[in-house]
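Down below is the structure, laid out as structure tokens.
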Amino acid sequence: KASHGDAPLFGLVRRAASCKAKSDTRQSQRNIVCVETKVKRWKMPLRFKFSIILLAGGSSTRMRGRDKLLEKAGKHSILRTVAEVCCDSQASEVIAVLPLDREGRIEALAGLPIKINRTPKTTEGMAGSIRAGLAGLSETSEAAIIVLADMPDVHPDDIDRLAAGYDPLSGITICRAA
């Protein structure tokens, strides 16, 4: 990414040759570049509603008593930073899966439009947290993206590009970042 201001703009770049087949069109749509500018963020049109399951249930055992998700990443905690990124994406809802015993994490999310799902299933590991997040999805959600709460360098456009790569009519049920 080039650095020029604080507001990144992601755009679609098509190949010089015109696309003749449907597969060529899909391939050309994957050619995405980032241009940093002060222009408002361009949003890709999506054909479906998706939710984000924000996994924030880890116990931070390697942090020697400190909570990794409450460590600073810029102005805010890592958790707050990632949660704001999720809220700035095109997701129709964000569900944060939290353990029962981490009050500081709830405080870090205060004021954000996030559904908090406190669950004992976080002690079962990531799979338990994913199950808890999936159980909290709204009826209108057609897909879900799982976001790890300890990844503060993720940008809303990263999430939106992943969502844009999903085609509900393709029969493929899992997409992953390349």
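The values are calculated or read from the model by the stated rules, or taken from the named source; none is laboratory data. Values in this document were obtained by computation on a predicted structure and should not be read as measured data. So basically every Cβ, Gly included, is an ideal-geometry build from the backbone, and we count neighbours across all protein chains shown. Side chains included, ligands, DNA and RNA excluded: accessible areas come from the protein's heavy atoms. Shrake-Rupley method; radii C 1.70, N 1.55, O 1.52, S 1.80 Å.
Amide H contacts under 5 Å for Val94: Ile52, Lys115, restricted to partners 5 or more places along the chain or on a different chain, H placed in the peptide plane at 1.01 Å from N. Across the cross-link table entries Lys75/Lys121; Lys49/Lys72; Lys49/Lys115, which are compared at the Cα atoms, the separations over 26 Å belong to Lys75/Lys121; Lys49/Lys72. Between Arg47 and Ile106, the simple spin-label model (points 7 angstrom out along Cα→Cβ) gives 4.2 nm.
Taking label points 7 Å from Cα along the Cα-to-Cβ direction, Lys75 and Asp167 give a separation of 4.1 nm. Take 102-112, 82-92, 144-154 and order them by the average number of nearby Cβ atoms within 10 Å per residue, most first; the result is 82-92, 144-154, 102-112.
Could you tell me what percent of the accessible area of region 79-126 is made up of carbon and sulfur, with a 1.4 Å probe and every protein chain present?
Working: 1150 of 2210 Å².
Using a 1.4 Å probe with all protein chains present, region 79-126 comes out at 52 percent carbon and sulfur.
The phi-based Karplus calculation (6.51 cos²θ - 1.76 cosθ + 1.60; θ = phi - 60°) puts the 3J(HN,Hα) values of region 66-83 at 8, 9, 3, 5, 9, 5, 6, 9, x, 7, 10, 5, 4, 4, 4, 4, 5, 4 Hz, whole numbers, x for Gly and Pro. Taken per residue, the accessible surface of region 87-178 reaches 56 Å², heavy atoms only and a 1.4 Å probe.
Pull out a ≥ b ≥ c, the square roots of the eigenvalues of the alpha-carbon gyration tensor of region 72-152, then state rounded if a/c is under 1.5, prolate if not and a/b is larger than b/c, and oblate in the remaining case. Here region 72-152 falls in the oblate category.
When both region 70-110 and region 120-178 are represented by their alpha-carbon centers, they are found 15 Å apart.
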